[in-house]
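Structure first, then comments.
Read-outs throughout are calculated quantities, based only on the coordinates presented, and are distinct from any laboratory measurement. Model, not experiment: these values are computed from the prediction. Backbone-built Cβ (ideal geometry, glycine too); neighbour counts: all protein chains shown.
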Amino acid sequence: MLSNVNEYFRPETVEEAFELMQRDRDHSIFLSGGTIVALMESSRIEKIIDLKSLRLDTVSITEDEIVVGASTTVESFRKDPLIRREFGDFFYDAFSLVGSWQIRNMATIGGSIAPKLGWSDVSTCLLAAGSSLMIYGVDGYQRMLISDYFSLPAGEKPLITHAILKKDGWFTAFEKFSKTTFDIATVNVGLSIRPEHGRIRAARVVCGSRPQYPARFESVEAAMVDLEINDVMPSIVRSLVYESFIGGSNMTASFEYRKHLASVLAQRAAEKLKGMI
């Protein structure tokens, strides 16, 4: 519960919203879908900056990219015809695993990334799909990799305005393990490959809920290049992820358990990809 909130703002522009945040960064919070803010317990937050009037809830397409407004809900994103046309069932199926139907109709794409949640299925999927962000900060608008956004100092609070997805012809799959359907992931894995003549020419391997931020395993990606896409490939991917896993332990799971889960989920994702190609 945010017990000390005493001011509420609903700015009309991105610039106005960011200026309000800059005035008192230590005591202000952006409100997007509200799922994170509703669960927060803090006596420090005094000002809420509601982003609903910024009209950042559209999905548009350019020659080689899809531009998604940060206020687009997870549910409308997964069902959007442009997203389904370019990515098939990937986001439709993967985002169906994000909480409940009610949560998906509140949670937004930007709001799922901005808090830098280690267990975010949305962040893992977007990283696996090679997405980037458009942010507005002290230097104006900038395009930024999601991994670079996660690396920003805690005191910097740029406003995410859009997620940008490449129409690059890659094949992507997602797997997660959680105790129940509505629990956050114990581990989640996104796997994306660019096939060429029956072999993997490039790969993206992302693991989240490690419990650190979702991150690409670049050593695994490099080792997957030139692998033949056959019945043996998924087990090779499993071994690579197991050997290269980087993570930790918390009350949810130990490092060794996460390492095992991540390798099994990577194998399942690779099996899915093999079936697509």
Item checked: Binned Cα-Cα distances of the stretch 201-277, short to long, each 10 Å bin given as a whole percent -> 20, 53, 23, 5
Next item on the list: Let me know the Kirkwood hydrodynamic radius for the stretch 139-277, please, with Cα pairs as the basis and the value in Å to one decimal.
Entry: 16.1 Å
Check: Based on Cα positions only, what radius of gyration and what Dmax would you give for the stretch 59-166, in angstroms?
Finding: 13.2, 39
Next item on the list: Calculate the spin-label point distance for Ser96 paired with Asn250, positioning each point 7 Å from the Cα along the beta-carbon direction, and give it in nanometres.
Entry: 2.8 nm
Notebook entry, point to check: Can you run phi through the Karplus equation (6.51, -1.76, 1.60; θ = phi - 60°) for the stretch 106-121 and list ³J(HN,Hα) in whole Hz, with x for Gly and Pro?
Noted result: 10, 5, 10, 4, x, x, 7, 9, 3, x, 6, 7, x, 9, 5, 5
Note to self: Using 0.36 nm times the number of residues separating Asp183 and Ile103, minus their current alpha carbon distance, what extension gain do you get?
What the structure shows: 27.6 nm
Next item on the list: Compute the long axis of helix 255-276 from its Cα atoms, compare it with the longest principal axis of the Cα atoms of the chain, and write down the angle in degrees, 0 to 90, nearest 10.
Entry: 70 degrees
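Taking every DSSP beta bridge that has both residues in the chain, what percent is antiparallel when rounded to the nearest 5? Present the calculation step by step, with values, prior to reporting the outcome.
Numbers: 39 of 47 bridges.
For the chain, the DSSP antiparallel bridge percentage is about 85.
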Notebook entry, point to check: From the list (i) 1.12; (ii) 1.02; (iii) 0.92, can you say which value of Cα Rg over 2.2 N^0.38 Å was derived from the structure given?
Noted result: (ii)
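Output the pairs from Lys52/Lys79; Lys47/Lys176; Lys79/Lys259; Lys79/Lys157 with a Cα-Cα distance over 24 Å in this structure; if there are none, say none. Each step should come with its number before you reach the end.
Values: Lys52/Lys79 21 Å; Lys47/Lys176 35 Å; Lys79/Lys259 32 Å; Lys79/Lys157 30 Å.
Beyond 24 Å: Lys47/Lys176; Lys79/Lys259; Lys79/Lys157.
Which value, in debye to the nearest 20, describes the size of the charge dipole of the stretch 159-277 about its Cα centre when Lys and Arg Cβ atoms bear +1, Asp and Glu Cβ atoms bear -1, and nothing else is charged? Walk me through the intermediate numbers first.
Details: 16 positive and 12 negative charges, 58 e Å.
So the magnitude is around 280 debye.
Give the range of the longest stretch in the chain that excludes all GluC sites (Glu not before Pro) found in loop regions by DSSP and having at most 14 other beta-carbon atoms within 10 Å.
Working: sites that count: Glu12, Glu41, Glu63, Glu156.
So the longest stretch without any such site is 157-277.
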Checklist line | J(HN,Hα) series, the stretch 6-17, from Karplus relation 6.51 cos²θ - 1.76 cosθ + 1.60, nearest Hz, glycine and proline x | finding: 10, 9, 10, 10, 10, x, 9, 9, 4, 4, 5, 4
Checklist line | Size of electric dipole in the chain: Cβ of Lys, Arg +1 and of Asp, Glu -1, about Cα centre, debye, nearest 20 | finding: 580 debye
